[in-house]
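First the structure, in the form of structure tokens, and then the observations on it.
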Ligand SMILES: *Cc1c(COP(=O)(O)O)cnc(C)c1O
């Protein structure tokens, strides 16, 4: 046997190549990863890397709901939704989520990743066309690829280019369905999709529209209902996907849509059908998180006010925060090695904000991604801005 092809050899080679390009990844063990301050290697760090944006993962009501569900209902759902895994609790959460999103119906998934890779292939397939923003989340890209529809990307948030794709599709493209797929808040740039324009184009060209509100639901729009609600385009959106794993502080995801769409997805989306239902602890905790959000919508405004505070502070220091307009504030570095260097210097200065490198972001666009939580204080963010300033000057990123 040719020893060169032994599996461990090729893995070693690929790992070395990743190291060389500063793209090697490893796990960081932290404690209290959803709190405004976390602990790592015995050091207390300001946490600018949690997606528990509203501070709900550790909320006493949410924890109590999970504990009560565990003691009453046990820890596992025991079966997939369509077998014996549907409980009153799940139907209650779906009804509440549909109401929250002012949609006809909602359907839970085990994760946002699974929702995206299941629902997109349910909407389009061979002979159809799917158009995606080039900076869409990896799970959307995977959903598009898995669908086996013709998949094309358009330049980030560029509606002129999107219109050209749609116009061309109508004359010479695949003759089937056409689907447009976009994040509403982009996860690594913190900017917004031009949703009103995209929705209008979808209507004009008779295309379906799938939006991913993972970083929008609970974070912006009226009462945290997301960018679709803020833009008033619900009628033009075929399916909106939101997660329970970010602002809502738990795990899992849900789609909202018209009743017919939900009935259809439930019958054909493989990542819904062939997996065990979310455990009762998660479902109960998500319900409690939704209660808190509906009772305290001011958390949403606070999140965006803190996002603006951090963004403006970093911009005043001379950092490039790209087109961020939300609680997600990237600091563009460019080179992956330098982004790693900056993240590690920030950690020494007491700030946990991780380097984001390709393939999560385009080549040459490595960055340190900072995101705020409603549970941060202004003093926390002043501390962060000072640390970014000191580190940025030392590394020559700002004057
Ligand atoms: C996090 C994320 C997902 C995946 O959601 P999970 O529940 O973590 O699987 C999907 N889309 C976007 C835009 C995300 O940021």
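The values are calculated or read from the model by the stated rules, or taken from the named source; none is laboratory data. These numbers were taken from a predicted model, which means no experiment stands behind them. Note that each Cβ is placed from the backbone with ideal geometry, even for glycine, and that neighbours are counted across all protein chains shown.
Tabulated values for the structure
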| item | result |
| --- | --- |
| One residue from 329, 333, 354, 361 being within 17 Å of residue 382 (Cα to Cα) and within 24 Å of the chain's Cα centre (by Cα) | 329 |
| Selection within segment 6-38 - out of contact with any helix residue (DSSP H, G or I) (no Cβ under 8 Å at 6 or more places or on another chain), assigned by TED's automatic domain parsing to the domain that holds residue 359 and part of a loop (DSSP other than H, G, I, E, B) | 26, 27, 28, 29, 30, 32, 33, 34, 35 |
| Hits in segment 104-131 (condition: surrounded by fewer than 24 Cβ atoms within 10 Å (Cβ to Cβ), more than 10 Å from the ligand (Cβ to nearest atom) and outside any helix (DSSP H, G or I)) | 104, 105, 106, 108, 125, 126, 127, 128, 129 |
| Filter result for residue 99 (away from the ligand (no atom under 16 Å from the Cβ), under 24 Å from the mean Cα position of the chain (by Cα) and not assigned by TED's automatic domain parsing to the domain that holds residue 276) | no |
| Those residues of segment 168-190 which are surrounded by fewer than 23 Cβ atoms within 10 Å (Cβ to Cβ) and either assigned to a helix (DSSP H, G or I) or more than 13 Å from the ligand (Cβ to nearest atom) (or both), in sequence order | 168, 169, 170, 171, 172, 173, 174, 175, 176, 177 |
| Hits in segment 285-320 (condition: over 30 Å from residue 64 (Cα atoms) and touching a helix residue (DSSP H, G or I) at 6+ places or on another chain (Cβ under 7 Å)) | 309, 310, 313, 314, 317, 319 |
